[in-house]
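> My structure is below; once you've seen it, I'll send some questions.
The values are calculated or read from the model by the stated rules, or taken from the named source; none is laboratory data. Note that this is a predicted model, so its numbers are computed, not measured. When we count neighbours, we look across all protein chains shown, and the Cβ atoms used for this are built from the backbone with ideal geometry, even at glycine. The accessibility values were calculated without ligands, DNA or RNA, using every heavy atom of the protein model including side chains. Shrake-Rupley method; radii C 1.70, N 1.55, O 1.52, S 1.80 Å.
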Amino acid sequence: MITVLLGLLLLIILIEIYFRTRPVYVDIARKINGPPVLFFLSCVKFLVSLTMESTFWHLRDYAATYKNTYRFYAFGRLSINVIRAREVEIYLSANRHMDKGQFYKFFSAFLGEGLLISKGEKWAQRRKILTPAFHFNILQQFLRIFHEESHKLVKFLDNNIDNEQEGINLPPVTSRFTLNTICETSMGVKLDSMEEPDEYRRNIVLIGKLLIARILKPWIYLELPYKLLGYKKEIDRPLIPIHNFTRKIIHQRREAFYDGKIVNFAPGNRENIYETKKRRYAMLDTLLAAEAEGLLDAEGIREEVDTFMFEGHDTTSSALTFIFLLLANHPDVQERVYEEIRSAVQSNSGESLTMPQLNDLSYTDRVIKESLRLYPPVPLVSRETSEEFLLFGCRIPIKTMTHIHIFDLHRDPDQFPDPERFDPDRFLPEVMEKRHPFAYVPFSAGPRNCIGQKFALLEIKALLQHVLLNFHLRPVTKCEEIVFIADLILRSRDPVLVKFIKRQ
């Protein structure tokens, strides 16, 4: 036992010496502003004290303290934390620094190497396959589903508002809506006929917590200790039903596809699927067509379905939650949005608004953008440098981790004066043109921007039409009461409550 303890002590001393003497990183860490340099022992002490809540606010404190892009050095690794537009442009504006940060590899057990995580030629091929699935004509078809699911949500709220005297907790409600829409539009499957969606939603939240927990524990970064200490077993529990759920969806659509119940795809002529008017197209059909042409295998389809199921419902659910919260807390803004929508619907003879009509809702559009500024659904994205570049006079090496803190970027007082104030007029054209083009990136930017951003915005506007025409939103939770936690998306620690009062 004494020998083991002495060996462990010697190992810790050697690791400490190694971390303190990595010349390139230590030199940069001493020249660029940032938190105290954490070597091995101090780093372990710091990480043991972290929780999901404290991690989120540590990052906010660093941004407020250093008021500029800063560095973090811990466990012998340097990371650059970007919170200003000029550095964001370096990372997002061109075909470089396109590989996702190393933490994304932990997501592979969940998402495989889908569009979110893949890199190089694989990412380029997948992006090329999937881009036509978000064509203007396809989005018009999806709009019918958005309206149908919005009607269902209005009915759900109508049946429940009397039972929820303290207000309705938004995340489960918005998540139900967005999961239904992503399944029917992108997967071509109605969740009404399936039993697992509630379990899927719960497991998605649990997966996020488990993945963040791993990021905060460097001693389980390596696969061996991760397995031996039981963490892999813990994450496999929710992953099994998640993957079973998506495989069931794929199987259901594949059967219809090969039975000729969808569209007869000629090899190399997938454009036919975007022209059909009699049958509803789904993004999954694009993947099945690619499989038929030998461009993708069954596992590749599973990766993309898991990626789109997660990204397409959880992020939009977060956006809707905080849009409703802001509207409830700003009744003057809510009334202007309502009047703009009501006027558009009246001019359309009371019918659901078309895609061009939704796009013409200029004030509503500004409200959505300002909501996404204050509460970006993805508060942080990570990249890995693919070439050296200068930052504050220091040469940043290849393979350096970079975290773009969108939450803090959107609160830069130089770009957004009085940044905590909710002001949709920040997105008037004459105001926007004076701002740095990379000061606002809720959907990321550049070649790896969010492929589904038009889909999400159309979905949000369609739901706003139906909810605001039927209900007044009244605040229960105040914006200043929200306590955020570190997660894969922007998530509140506590319920987000809003009262829905039926309009007469």
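> Which value in Å does the Kirkwood hydrodynamic radius of the range 172-221 take, with 1/r averaged over all unlike C-alpha pairs and then inverted?
Numbers: mean 1/r = 0.0799 Å⁻¹.
Over the range 172-221, the inverse of the mean reciprocal pair distance is 12.5 Å.
> Under the Karplus relation 6.51 cos²θ - 1.76 cosθ + 1.60, θ = phi - 60°, what is the ordered set of whole-Hz ³J(HN,Hα) values for the range 442-448, x standing for Gly and Pro?
x, 10, 6, 6, x, x, 9
> Above 15 Å lies some portion of the pair distances; for the range 332-392, what is it as a whole percent of all C-alpha pairs? Walk me through the numbers before you get to the answer.
Details: 1193 of 1830 pairs.
Tail fraction, whole percent: 65.
> Sorted from largest down, what three extents in whole angstroms do the Cα atoms of the range 64-118 have along their principal axes?
Largest to smallest, the principal-axis extents are 37, 30, 19 Å.
> Hey, what's the Cα Rg ratio for the range 308-435 versus the globular rule of thumb, 2.2 N^0.38 Å? Before the final figure, lay out the partial values.
Details: Rg = 18.8 Å, N = 128, 2.2 N^0.38 = 13.9 Å.
So the Cα radius of gyration is 1.35 times the expected 2.2 N^0.38 Å.
> Next up: Roughly how many Å² is the accessible area per residue of the range 88-143, as a whole number, for a 1.4 Å probe?
Here the residues of the range 88-143 average 42 Å² of exposed surface.
> Which cross-chain or sequence-distant (5 or more) residues have an amide H under 5 Å from the amide H of Val37, H modelled 1.01 Å from N in plane?
Distant-sequence amide H within range of Val37: zero hits.
> State the percentage of accessible surface on the range 450-504 attributable to carbon and sulfur atoms; use a 1.4 Å probe and exclude ligands, DNA and RNA.
Working: 1120 of 2120 Å².
For the range 450-504, the apolar C and S fraction of the accessible surface comes to 53 percent.
> Per-residue counts of other Cβ atoms within 10 Å, averaged by peptide: what ranking do you get for 229-242, 372-385, 81-94, highest first?
Values: 229-242: 14.4, 372-385: 22.2, 81-94: 20.4.
Answer by packing, highest mean first, reads 372-385, 81-94, 229-242.
> Can you give the translational diffusion coefficient of the range 109-177 in µm²/s, computed by Stokes-Einstein from the Kirkwood radius over Cα pairs at 25 °C and 0.890 mPa s?
On the way: Rh = 15.5 Å.
Value of D from the Cα-based Kirkwood radius: 158 µm²/s.
> Computing the accessible area with a 1.4 Å probe over protein heavy atoms, can you report the carbon and sulfur percentage for the range 40-157?
Using a 1.4 Å probe with all protein chains present, the range 40-157 comes out at 59 percent carbon and sulfur.
> If you don't mind, another one. Whenever you get a sec, line up Cys479, Cys450 from highest to lowest accessible area (probe 1.4 Å, protein heavy atoms). Could the numbers behind the result be given before it?
Values: Cys479 30, Cys450 55 Å².
In descending accessible area the options line up as Cys450, Cys479.
> Quick one: accessible area per residue over the range 348-504, 1.4 Å probe, rounded to a whole number of Å²?
Numbers: 6320 Å² over 157 residues.
For the range 348-504, the solvent-accessible area averages 40 Å² per residue.
> Stokes-Einstein D for the chain at 25 °C, 0.890 mPa s, Kirkwood Rh over Cα pairs, in µm²/s?
Numbers: Rh = 24.5 Å.
Taking Rh from Cα pairs, D becomes 100 µm²/s.
> List the relative contact order of the chain as a percent without decimals, with contacts defined as Cα pairs under 8 Å and 6+ residues apart. Mind showing how you got there, number by number?
Values: 670 pairs, mean separation 125.0, N = 504.
After rounding, I find 25 percent.
> With no solvent and one point per C-alpha, what does the Debye sum give as log10 I(q)/I(0) for the range 402-504 at q = 0.12, 0.16, 0.17, 0.19 Å⁻¹?
Values returned for q = 0.12, 0.16, 0.17, 0.19 Å⁻¹ are -0.60, -1.09, -1.21, -1.40.
> Under the rule of -39500 (n - 2.57) per DSSP H run of 4 or more residues, summed and divided by the residues of the chain, what mean residue ellipticity at 222 nm is obtained, to the nearest 500 deg cm²/dmol? Write down the numbers at each step before the final one.
Working: 20 runs with 269 residues, N = 504.
One gets -17000 deg cm²/dmol as the mean residue ellipticity at 222 nm.
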